[in-house]
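Trainee: Here it is, the structure in full.
The values are calculated or read from the model by the stated rules, or taken from the named source; none is laboratory data. Everything numeric here is computed off the predicted structure, so don't read it as measured data. Neighbour counts run over all protein chains shown; Cβ positions are idealised from the backbone, glycine included.
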């Protein structure tokens, strides 16, 4: 498998597009009991639930698609922060992907106490209390690490997942399972599709300058 | 200031109503969800973690600086639960101070307890004025005489100001001079805090030690008679330095077997090197005894350092050296002294690492 010999900046980039789907019956969403916090109940008058498998039209949302083939070059951390919001005592989004050194902004949009408590095994963990609506905390991670959970100890049903990459070649699927990973140097790549509760799937794709290489993968649910 | 005036100085926990009102506001915003409205834990909180009960007045023995650090930095920094978040970014310093002050009031009789800010670091030889809940293992070794002494000390609190104590001295092996091994005179004692002043960082206590003649007199393990020793102890903070002292008079029940003695100890602890909770605390002590009957005066300088061995700071070790100064002309063998203590009032020995 040929990794590009030139750094990305020196080459005309292509992109990787595709769709991540699932086959089978998605498990029923988990009903959430928020009675411990009246403010959370008030924010969810119709009740709340957490979907283990989410998506529309057979597509699987919240899947991180990333290149695993080494790409030559230096890739400074993206400077645009990724937002992990807490709205109605739920995380939005529930899957976060960011680059080593890229800021992660964690915001409390609720009028109740939350604490942001990631539990990485490679990176340094932290646990920050956010008692005020609108409070934001910005942190970075300094090592690559895929899929560690972040939770709120006050509201144990809150759960999101974070993946940290050494390079910028990753993206997250939309609600319909489609994805678009731009600025990929030409070459032949192996990619991974990772979902927090499913086994990793891999695929191969060829990217040509100025063109899109396509890869579609399907998770089989049992 | 008289002891009586000190004793009447109350309200350290409840007097600043404006601060407590702010602290209550912060508590209800940031703490109540887990710690509950009564400070004893919110039963509706869905967690396997059971937070410490602030209503337990034993918590008054912890310094406010530790409480505040836990609030600012979170539990793990002090070996406490990882689910305790850091609130240092959420509130300005005055509000963090206020919430700590408010936490103190869950013990409804907190004003009667000396606050933990007066719980100064134990020294190798000089006694404390603060009532403790500790187990201490002490040793003194005099290599030149082949002497090794061990002492097991158990201290516990009763109520806001009283502490009882048991001391078990032991010589594990015979000395080079032929003194036998065995248990020495067991000491039973009680101590009461006469007064304290948190703003002036001072505390005064009085107590009575009763040394029972359990040690074999022939093996130089005991005096052969009961000895009553009333004493007075004090502690005084001067910024980050501490002065502690203790004076006692020994009254033997049988003056044919033992004689009256005056004992004293004065100590100066330097500011911690490193963290205030877990840094090294150097100290110098001067301990002495004067026998008015034969006018003999012994005196030893002790130079030592202590350090908390875990993050919570409730397991502490200390080592030091004693240098005899008096009596002049007598041999002055160097002593090595050490202690290891566990403040069981703070929790099991395996927590906080």
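Trainee: Would you mind stating whether residue A:88 is free of Cβ contacts under 8 Å to residues at least 60 places away in the same chain and touching a helix residue (DSSP H, G or I) at 6+ places or on another chain (Cβ under 8 Å)? Working first, answer last.
Mentor: Numbers: free of Cβ contacts under 8 Å to residues at least 60 places away in the same chain: yes; touching a helix residue (DSSP H, G or I) at 6+ places or on another chain (Cβ under 8 Å): yes.
Taking the combined requirement at face value, the residue satisfies it.
Trainee: Of the numbered conditions (1) more than 14 Å from chain B (Cβ to nearest Cβ); (2) exposed (fewer than 15 other Cβ atoms within 10 Å of the Cβ); (3) closer than 24 Å to residue A:193 by Cβ, residue A:79 satisfies every one except a single condition; which is it?
Mentor: Of (1) more than 14 Å from chain B (Cβ to nearest Cβ); (2) exposed (fewer than 15 other Cβ atoms within 10 Å of the Cβ); (3) closer than 24 Å to residue A:193 by Cβ, only one is false for residue A:79: (3).
Trainee: Which condition from (1) part of a strand (DSSP E or B); (2) over 17 Å from residue A:27 (Cβ atoms); (3) assigned by TED's automatic domain parsing to the domain that holds residue A:22 is the one that residue A:49 breaks?
Mentor: All conditions pass for residue A:49, except number (2).
Trainee: Same structure, new question: Report yes if some residue within segment B:298-308 is surrounded by fewer than 18 Cβ atoms within 10 Å (Cβ to Cβ), without any contact (Cβ under 8 Å) to a residue 24 or more places away in the chain and more than 16 Å from residue B:119 (Cβ to Cβ); otherwise report no.
Mentor: yes
Trainee: Would a scan of segment B:177-191 turn up a residue that is under 15 Å from residue B:245 (Cβ atoms), touching a strand residue (DSSP E or B) at 6+ places or on another chain (Cβ under 6 Å) and in the same structural domain as residue B:126 (by TED's automatic domain parsing)?
Mentor: If we filter segment B:177-191 for residues that are under 15 Å from residue B:245 (Cβ atoms), which is where we start, we get B:191.
Going one step further and asking which of them are touching a strand residue (DSSP E or B) at 6+ places or on another chain (Cβ under 6 Å), we end up with B:191.
Pick out the ones that are also in the same structural domain as residue B:126 (by TED's automatic domain parsing) and you get B:191.
Yes, because at least one residue in segment B:177-191 is under 15 Å from residue B:245 (Cβ atoms), touching a strand residue (DSSP E or B) at 6+ places or on another chain (Cβ under 6 Å) and in the same structural domain as residue B:126 (by TED's automatic domain parsing).
Trainee: Of (1) free of Cβ contacts under 8 Å to residues at least 60 places away in the same chain; (2) within 14 Å of chain A (Cβ to nearest Cβ); (3) over 20 Å from residue B:38 (Cβ atoms), residue B:84 satisfies all except one. Which?
Mentor: Residue B:84 satisfies all of (1) free of Cβ contacts under 8 Å to residues at least 60 places away in the same chain; (2) within 14 Å of chain A (Cβ to nearest Cβ); (3) over 20 Å from residue B:38 (Cβ atoms) except (3).
Trainee: How many residues are part of a loop (DSSP other than H, G, I, E, B) and either within 19 Å of residue B:157 (Cα to Cα) or at the interface with another protein chain (Cβ under 9 Å from one of its Cβ atoms) (or both) if we restrict to segment B:20-51? I'd like the intermediate steps shown before the answer.
Mentor: As a first pass, look at segment B:20-51 and keep what is part of a loop (DSSP other than H, G, I, E, B): B:31, B:36-51.
Still in the list and also either within 19 Å of residue B:157 (Cα to Cα) or at the interface with another protein chain (Cβ under 9 Å from one of its Cβ atoms) (or both): B:31, B:42, B:44-47, B:49.
Count: 7.
Trainee: Restricting attention to segment A:101-119, and to residues there that are more than 9 Å from chain B (Cβ to nearest Cβ) and not in a strand (DSSP E or B), which single residue is surrounded by the most Cβ atoms within 10 Å (Cβ to Cβ)?
Mentor: Residue satisfying both the conditions and the ranking: A:110.
Trainee: What are the residue pairs meeting all of these: first residue in segment B:202-222, first residue not assigned by TED's automatic domain parsing to the domain that holds residue B:249, second residue surrounded by 20 or more Cβ atoms within 10 Å (Cβ to Cβ) and assigned to a strand (DSSP E or B), Cβ atoms under 9 Å, and 6 or more apart or on different chains?
Mentor: Going by the 9 Å Cβ cut-off, there are no qualifying pairs.
Trainee: Here is a list: B:249, B:302, B:284, B:315. Which entry is assigned by TED's automatic domain parsing to the domain that holds residue B:223 and within 30 Å of residue B:77 (Cβ to Cβ)?
Mentor: On the way: B:249 fails: within 30 Å of residue B:77 (Cβ to Cβ); B:302 fails: within 30 Å of residue B:77 (Cβ to Cβ); B:284 fails: within 30 Å of residue B:77 (Cβ to Cβ).
Going through B:249, B:302, B:284, B:315 in turn, the sole match is B:315.
Trainee: What strands (runs of 3 or more DSSP E) completely inside segment A:120-222 contain at least 3 residues that are more than 25 Å from residue A:60 (Cβ to Cβ)? So that I can check it myself, show each step before the final result.
Mentor: Details: elements: A:128-130, A:136-139, A:145-151, A:159-165, A:170-172, A:178-184, A:187-195, A:198-207, A:212-214, A:217-220.
It comes to A:128-130, A:136-139.
Trainee: Does residue A:131 fit the bill of being surrounded by 19 or more Cβ atoms within 10 Å (Cβ to Cβ), assigned by TED's automatic domain parsing to the domain that holds residue A:32 and touching a helix residue (DSSP H, G or I) at 6+ places or on another chain (Cβ under 6 Å)?
Mentor: no
Trainee: Sticking with this one: Kindly provide the set of residues from segment A:122-157 that are more than 11 Å from every other protein chain (Cβ to nearest Cβ) and at pLDDT below 95, ordered by number.
Mentor: Residues satisfying the conditions are A:146, A:147.
Trainee: Limited to segment B:61-78, what total is found for residues that are touching a helix residue (DSSP H, G or I) at 6+ places or on another chain (Cβ under 6 Å), more than 14 Å from chain A (Cβ to nearest Cβ) and touching a residue at least 60 places away in the same chain (Cβ under 8 Å)?
Mentor: 2
Trainee: While we're here: Kindly indicate whether residue A:160 is more than 14 Å from every other protein chain (Cβ to nearest Cβ) and either over 16 Å from the mean Cα position of the chain (by Cα) or free of Cβ contacts under 8 Å to residues at least 12 places away in the same chain (or both).
Mentor: Here the answer is no, as residue A:160 does not meet what is asked.
Trainee: Quick check: is even one residue across segment B:119-135 without any contact (Cβ under 8 Å) to a residue 60 or more places away in the chain and crowded, with 20+ Cβ neighbours inside 10 Å?
Mentor: yes
Trainee: Can I ask one more? Can you tell me which residue among A:211, A:166 is more than 16 Å from the chain's Cα centre (by Cα) and away from chain B (no Cβ under 14 Å)?
Mentor: A:211
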